[in-house]
Amino acid sequence: MNLFHIYSLDGKQVFQKPKIEGMFEAQAICSPKWLQFPTPTGNSIPKPRIGLPTGISNPNVLICQTPIHFPPHKNIKSQTPFAVNASSASEYIEEPATKEKFQTSLSLPGCSSSLTLLGTGYREKVFAIIGVKVYAAGLYVNQSVLYSLNAWKGRSAAEIQEDSSLFNSIFLSPLEKSLQIVLVRDVDGKTFWDALNDAISPRIKSPTPVDESALSTFRSIFQGQPLKKGTFIFLTWPDPSKMLVSISSDGLPSGVDAEIKSENVAFALFDVFFGDTPVSFSLKASVVKGLESILK
């Protein structure tokens, strides 16, 4: 029987659990499990709280659906399959295909509060029948966004995947959402923009002058800029009417590089990743699993 292990923060094994074969197919999808979705009572709206799986008494241990092993790192406990201290400021999960690490919560420029990671995935391009991974990505949301999703409580991952209205509701919420992109290879800025524009343009059937101006601003950020491996790109939606772009080659960004003021462009980009034909199926599938877990 294959086993995976749960470890506490001091590196000691807590217990073993059978790994069920066939649960995951081509890719391991890690979905956050530490959020509970409490039901509002009366006029009060409770805040999301830290939840522990039934049968685990150690408050330092949280569990992921699939075993993830991190290499030694000063901010990551060795051999921790998403076993983290809920009060720690340096919590990470690893995107399985690229091995890129994403913080479980972030504070970003232009956001009123910290954002929580819902899922991760990667983007792959095919060159001469060979698939090449270009970047890893993770979706973060303001936790209060989850309170607008009561209608989907109890839905299965398959139902969430097929229902585009759920992701439309997330986008339309007047609370922050952010997509973190981490490049896993060097990319020319023009090449990156051209690929992005090829996905955005068909989603805006009749662009207005406002849309054209927003696309021009968006294009200017990447034109002529070499994007090195390890570069962070954050696309943040503080509300449905605009999008903030932050680029950093040295860790998390300290400011906003551009503000895109067009709801059509902002929604088109969100739809590129979370619409019916996403450019990263692994990212949307991971976010769907995260939502299924939270909305139980």
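Counting only strands (runs of 3 or more DSSP E) wholly contained in region 89-143, the ones carrying 1 or more residues that are within 18 Å of ASP239 (Cβ to Cβ), touching a strand residue (DSSP E or B) at 6+ places or on another chain (Cβ under 9 Å) and modelled with pLDDT of 90 or more occupy 115-127, 130-141. With respect to the conditions (1) in a helix (DSSP H, G or I); (2) of a type in the set (A, V, I, L, M, F, W, C); (3) touching a residue at least 12 places away in the same chain (Cβ under 8 Å); (4) surrounded by fewer than 17 Cβ atoms within 10 Å (Cβ to Cβ), PHE167 falls short on a single one, namely (4). So ILE160 ticks every box in (1) in contact with a helix residue (DSSP H, G or I) (Cβ under 8 Å, 6 or more places away or on another chain); (2) of a type in the set (A, V, I, L, M, F, W, C); (3) modelled with pLDDT under 90 but one. Which box is left unticked? Condition not satisfied by ILE160: (3).
Taken over region 157-185, the residue count meeting the criterion of being under 30 Å from GLY251 (Cβ atoms) and of a type in the set (A, V, I, L, M) is 7.
The values are calculated or read from the model by the stated rules, or taken from the named source; none is laboratory data. Remember, predicted model here, so these are calculated numbers, not experimental data. We place every Cβ from the backbone using ideal geometry, glycine too, and count neighbours over all the protein chains shown.
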